[in-house]
Amino acid sequence: MTSHGPTSRWWPVVLGFVVAVCIVMAAGLTWVLLAPAGTPERVPRPTSAGSRSATGSEPAAGSVTAAGSVTATGSETATGSETATGSETARSEPLAGVQQVLDRRAAAARARDESAWLADLDPSAAGLRQRQQALLSALRSLQVRELTLRAERFLPGPAVRPDGSGGDQAARVDVVGAWRLPGVDARPAPFTLELTVRRHGGGWVVVDDAGPGTVRQAFDLSGLQVRRNPAGVVAGNAPAERLDEVAVDLAPAREHVEHAWGALSHLPAVLLPATSSEFAALTGRVGKDTSGVAAVTYGMLETGSVARGDKIVVNPLAWASSTRQGRRIVLTHELTHLAVRATTTHPVPEWLSEGYAVHTSYAGLQVDPRRAAPELMAAVARGTLPTRLPEDERFSDVASGTAYDEAWLLVDWLARARGEDALRRLYREMGTGSTPSDALGRIGLTESTLLAGWQEDLRRLAR
């Protein structure tokens with residue numbers, strides 16, 4: 001079954017999720033503990049969302065919806081670009097005042113000027129001041145030199161009257177920012193922010209930065225630490241030993257993925273927040289249940305372009321519930337998604353996206369399908385075979401473990417039957433716009449023969 005990813009427009013902005021590596025148990029979602037050595041009794045498996053599909057991309061809490069904020073080709077329009085006539089002129093004046101504040105703050109951040117960075121904050125907002133001091137420190141630690149902030153619109157409220165003139169009370173403002181993590185991002189990655197501002201003297205001051213439209217970034221993590229090495233960047237406010245472990249494991253995981261897919265053109269970045277609430281805030285999942293999510297590859301997807309601003313974000317709950325081997329599998333799985341998203345431009349079926357990530361992360365391990373996928377193997381042993389390729393919709397269900405098992409074993413069969421080169425060629429062709437039927441035909445398969453071959457292999461595995 002084909003899938004249709006985000007359209008070529010970025011309005012609203014669609015932020016891609018790739019959720020990985022958990023398992024569904026009879027009592028509910030729980031993490032699998034892997035044996036320190038040998039064959040894992042139960043190998044972690046993903047639960048939802050492919051790297052590029054309609055079901056695998058959700059609008060984030062802070063999706064930009066203001067008309068004109070981003071054009072169909074992804075180029076950004078200037079703030080206040082309306083024709084300056086009549087009420088439109090009045091409408092732009094309050095927003096222009098806020099934009100002046102944002103311009104000064106962005107310049108201060110780039111210059112590492114703490115005094116200027118704090119100058120436009122509400123003098124009575126002590127908590128905000130502390131957060132912003134920590135944020136500037138995090139920007140320094142991340143070596144961020146490119147940061148822009150653009151006021152999009154006032155949200156409904158008393159500070160902006162119907163005629164567009166400014167009032168004196170607090171107002172909420174939609175802001176679109178962009179930043180680039182050196183060595184990681186090829187171009188600045190956009191993010192959304194909701195600020196509360198109020199009139200102060202002849203201008204505006206920032207009162208709060210914690211609006212519901214804000215999707216937090218790495219630099220929002222208080223107490224951020226950074227580990228940089230030739231394999232990538234690891235950052236977060238989790239315990240130092242966690243960052244150290246991932247920094248060590250990143251090199252072999254990257255080598256594993258590059259052997260399978262090809263060299264990465266940039267450094268991968270892995271974020272390790274200390275709390276589940278920070279994980280939710282970094283991935284646009286505030287208010288959602290994240291207990292069944294081990295890690296997310298989070299960034300912006302636009303059909304026709306490679307992913308933008310991808311970061312791997314690790315759920316601290318998963319860390320506490322897995323062994324070193326399990327964490328390595330999670331890291332390799334997510335790096336696979338990151339590598340694919342950096343080199344493909346179109347959606348592929350979820351069975352290929354997720355199946356390939358599982359296949360790659362399991363490579364070299366002695367994984368017994370009867371132990372790693374017992375529900376599927378038991379059903380096949382009873383004579384109940386899948387009658388179609390796994391549909392995309394199944395990967396977004398809470399109880400989606402069997403779909404991931406099917407995807408893994410389908411892709412695994414493809415690799416054994418046609419070879420890793422053919423599998424990679426299939427993915428690259430679909431990921432650059434070929435239809436599944438055309439791409440399959442180039443490696444000598446149809447959807448019918450693919451299904452038949454996979455079914456026969458499942459029978460063999462279940463014996």
(Q) Can you tell me which residue is modelled with the lowest pLDDT among those in region 152-165 that are open to solvent by 20 Å² or more (accessible area, probe 1.4 Å) and touching a Pro at 6+ places or on another chain (Cβ under 8 Å)? (A) S165
Q. When region 109-151 is examined, which residues are found to be touching a Leu at 6+ places or on another chain (Cβ under 8 Å) and of a type in the set (V, I, T)?
A. V144
Q | Residue list for region 95-137, restricted to those being in a loop (DSSP other than H, G, I, E, B), open to solvent by 70 Å² or more (accessible area, probe 1.4 Å) and of a type outside the set (G, A, S) | A | P123
Q. If you check H359 against the conditions, is it more than 29 Å from G213 (Cα to Cα) and surrounded by fewer than 18 Cβ atoms within 10 Å (Cβ to Cβ)?
A. no
(Q) With the condition being over 20 Å from the mean Cα position of the chain (by Cα) and in contact (Cβ under 8 Å) with a residue 12 or more places away in the chain, I'd like the strands (runs of 3 or more DSSP E) fully within region 172-276 carrying at least 1 qualifying residues. (A) 189-200, 203-208, 225-229
Q: Specify the residue that is nearest to D310 (Cα to Cα); the eligible residues are those in region 335-352 that are touching a strand residue (DSSP E or B) at 6+ places or on another chain (Cβ under 8 Å) and buried (at least 24 other Cβ atoms within 10 Å of the Cβ).
A: L338
Q | Selection from region 247-278 of residues that are open to solvent by less than 40 Å² (accessible area, probe 1.4 Å) and acidic (D, E) | A | D249
Q.
Given the criteria within 29 Å of T303 (Cβ to Cβ) and either free of Cβ contacts under 8 Å to residues at least 40 places away in the same chain or open to solvent by less than 10 Å² (accessible area, probe 1.4 Å) (or both), does G433 qualify?
A. no
(Q) Of everything in region 277-314, what is in contact (Cβ under 8 Å) with a residue 40 or more places away in the chain and either in contact with a Cys (Cβ under 6 Å, 6 or more places away or on another chain) or aromatic (F, W, Y) (or both)? Give them in sequence order. (A) G292, A294, Y298
(Q) Checking the condition among the acidic types (D, E) and without any contact (Cβ under 8 Å) to a residue 12 or more places away in the chain, which residue from D438, D457, D368 passes? (A) D438
Q) Can you spot a residue in region 416-423 that is in contact (Cβ under 8 Å) with a residue 40 or more places away in the chain, closer than 13 Å to Y356 by Cα and of a type in the set (A, V, I, L, M, F, W, C)? A) yes
Q | Contacts under 9 angstrom Cβ, first residue in region 317-329 being in contact (Cβ under 8 Å) with a residue 40 or more places away in the chain, partner surrounded by fewer than 21 Cβ atoms within 10 Å (Cβ to Cβ) and polar (S, T, N, Q), 6 or more apart | A | L317/S276; L317/T290; L317/S291; S321/T30
Q. Just a yes or no: is a residue in region 378-399 open to solvent by 50 Å² or more (accessible area, probe 1.4 Å), farther than 27 Å from L301 by Cβ, modelled with pLDDT of 95 or more and among the polar types (S, T, N, Q)?
A. yes
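The values are calculated or read from the model by the stated rules, or taken from the named source; none is laboratory data. Keep in mind that this is a model prediction, so the values were computed, not measured. In this analysis, Cβ positions are derived from the backbone assuming ideal geometry, glycine residues included, and neighbour counts consider all displayed protein chains. The accessibility values were calculated without ligands, DNA or RNA, using every heavy atom of the protein model including side chains. Shrake-Rupley method; radii C 1.70, N 1.55, O 1.52, S 1.80 Å.
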